[in-house]
1. From the list A82, A94, exactly one residue is in contact with a Ser or Thr (Cβ under 7 Å, 6 or more places away or on another chain), closer than 19 Å to P124 by Cβ, small (G, A, S) and at pLDDT 95 or above. Which is it?
2. State yes or no: is K154 open to solvent by 80 Å² or more (accessible area, probe 1.4 Å), touching a residue at least 12 places away in the same chain (Cβ under 8 Å) and within 20 Å of V28 (Cα to Cα)?
3. Right, R20: buried (at least 16 other Cβ atoms within 10 Å of the Cβ) and part of a helix (DSSP H, G or I) or not?
4. Mind counting the residues in segment 132-151 that are buried (at least 20 other Cβ atoms within 10 Å of the Cβ) and either in contact (Cβ under 8 Å) with a residue 12 or more places away in the chain or among the basic types (K, R) (or both)?
5. Tell me which of these G50 doesn't satisfy, since it passes every other one: (1) surrounded by fewer than 15 Cβ atoms within 10 Å (Cβ to Cβ); (2) touching a residue at least 24 places away in the same chain (Cβ under 8 Å); (3) within 16 Å of the chain's Cα centre (by Cα).
6. Just checking, how many residues over segment 55-91 are surrounded by 15 or more Cβ atoms within 10 Å (Cβ to Cβ), of a type in the set (S, T, N, Q) and in a loop (DSSP other than H, G, I, E, B)?
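The values are calculated or read from the model by the stated rules, or taken from the named source; none is laboratory data. Everything quoted here is computed from the prediction, not taken from an experiment. Glycine gets a Cβ as well: all are built from the backbone with ideal geometry, and neighbour counts include every protein chain shown. Protein only, heavy atoms only, side chains kept; ligands, DNA and RNA dropped before computing areas. Shrake-Rupley method; radii C 1.70, N 1.55, O 1.52, S 1.80 Å.
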Amino acid sequence: MASGGGIARSRLVEERKSWRKNHPHGFVAKPVTLPDGTVNLMVWNCVVPGKEGTDWEGGYFPLTLQFSEDYPTRPPVCMFPAGFFHVNVYPTGAVCLSILSSAWKPSITVRQILVGIQDLFDHPNPASAAQDISYRLFTKNKVEYKKRVQEQAKRYPSVV
């Protein structure tokens, strides 16, 4: 194990406890359980709900957080399914968000990451576009952009 691994794991144990005590409605964040029943704290399966009153409403979007042994010094990699339609999501599914790169601070929590990503849904940053098609539609054809977002929301209904 890398020397920072203990720090990463202990922080993730605390994050998990904090999340279980209190988390925003509709969100899910839990470490992956392996086939043998052990938990991998370094990979979390999450769900970020679309906000009510937005084109994202009704969607419950799957997101994976991949933590490195350098966490919390370095942010997790946050991935939607490949092909996820959003201005700030690369075709691979990787999320482009300042708090996950240049604005990262070790004090940022899993909760803050997920709420920040939810906020990004309806407030994309075209100055930091990661995907050509959604960027073009967002800047040149808002009607088609909104239609695509609403179609995507229908593809990810609540699993509850």
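1. Values: A94 fails: in contact with a Ser or Thr (Cβ under 7 Å, 6 or more places away or on another chain).
None of the other options fit; the residue is A82.
2. On the way: open to solvent by 80 Å² or more (accessible area, probe 1.4 Å): yes; touching a residue at least 12 places away in the same chain (Cβ under 8 Å): yes; within 20 Å of V28 (Cα to Cα): yes.
Judged against the criteria, K154 is a match.
3. Values: buried (at least 16 other Cβ atoms within 10 Å of the Cβ): no; part of a helix (DSSP H, G or I): yes.
It is false that R20 is buried (at least 16 other Cβ atoms within 10 Å of the Cβ) and part of a helix (DSSP H, G or I).
4. 3
5. G50 satisfies every listed condition except (1).
6. Adding up the residues that qualify gives 2.
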